[in-house]
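Report on one structure; see the data block that follows.
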Amino acid sequence: VKIIPAEVLEGCDSLETVVIQEGTTEIGRTAFSNCHNLKHVYLPASIKKEIQGDLFGESPELIIHGPSASAAETFAKKNGFRFEVTVPQSQANLKEVTDKKCKTNPEDKLWLVKTVKEKTILHTYKGTKAEIEIPNTIKGKSISTIGEFLLSAYADNLTPEQISNRKSIRKVTIAEGI
């Protein structure tokens, strides 16, 4: 994922951990707003642009993890969040954070994609897991973009059960290479 759109996980109140892989360059305003239980966000060195907006809302226990002298550190200090330096190897590998590899997702049927102008956009998650790995491929197609409201409780066309399950998401890992 090069750009994480605004409001992609807004309102996931049970979300506790977000791991963004190396290669992401920008995060949209309010992408994780109103995720009041967010405790850890791992940001890569590839985010060079100044992080702006009410990205994390009010998350009193939030610790932002990232490289020293990075956009992540600048954002954390500017907005009063605790910051912890991660070493580049652990940021790239993330084994100690995710305990899993994030290359493919065997549950392709839980993800809906659409193709627009030769871009494969991941736009809806139909599953009910509390810990989600956003895959980099679905049914052999490389995902190039994450759609707005992908995991948001405010996404269109969700059943009442799916809306309810959005409130139980605790951890999201975005696969490398999207």
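The values are calculated or read from the model by the stated rules, or taken from the named source; none is laboratory data. Treat the numbers as computed from the prediction; the structure is a model and nothing was measured. Methodologically, a virtual Cβ is constructed for each residue, glycine included, from the backbone with ideal geometry; neighbour enumeration extends over all protein chains shown. Only protein heavy atoms, including side chains, enter the accessible area calculation; ligands, DNA and RNA are left aside. Shrake-Rupley method; radii C 1.70, N 1.55, O 1.52, S 1.80 Å.
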Note: residue 79 to residue 128 extended length (0.36 nm per residue) minus current alpha-carbon separation gives 14.4 nm
About the Cα centre of region 38-79, how large is the charge dipole given +1 on each Lys and Arg Cβ and -1 on each Asp and Glu Cβ? Please answer in debye to the nearest 20. 160 debye
Taking Cα centroids, how far is region 109-135 from region 11-51 in Å? 18 Å
Residue-by-residue Karplus 3J(HN,Hα) for region 64-80, coefficients 6.51, -1.76, 1.60, Hz, glycine and proline x: 9, 10, x, x, 5, 6, 9, 4, 4, 5, 4, 4, 4, 5, 5, 10, x
Keeping all protein chains in place and using 1.4 angstrom, which order do 32, 149, 83 fall into by accessible surface area, from largest down? 149, 83, 32
Can you give me the long-range amide H partners of residue 149? Hydrogens built in the peptide plane at 1.01 Å from N, cutoff under 5 Å, separation of 5 or more residues or another chain. 8
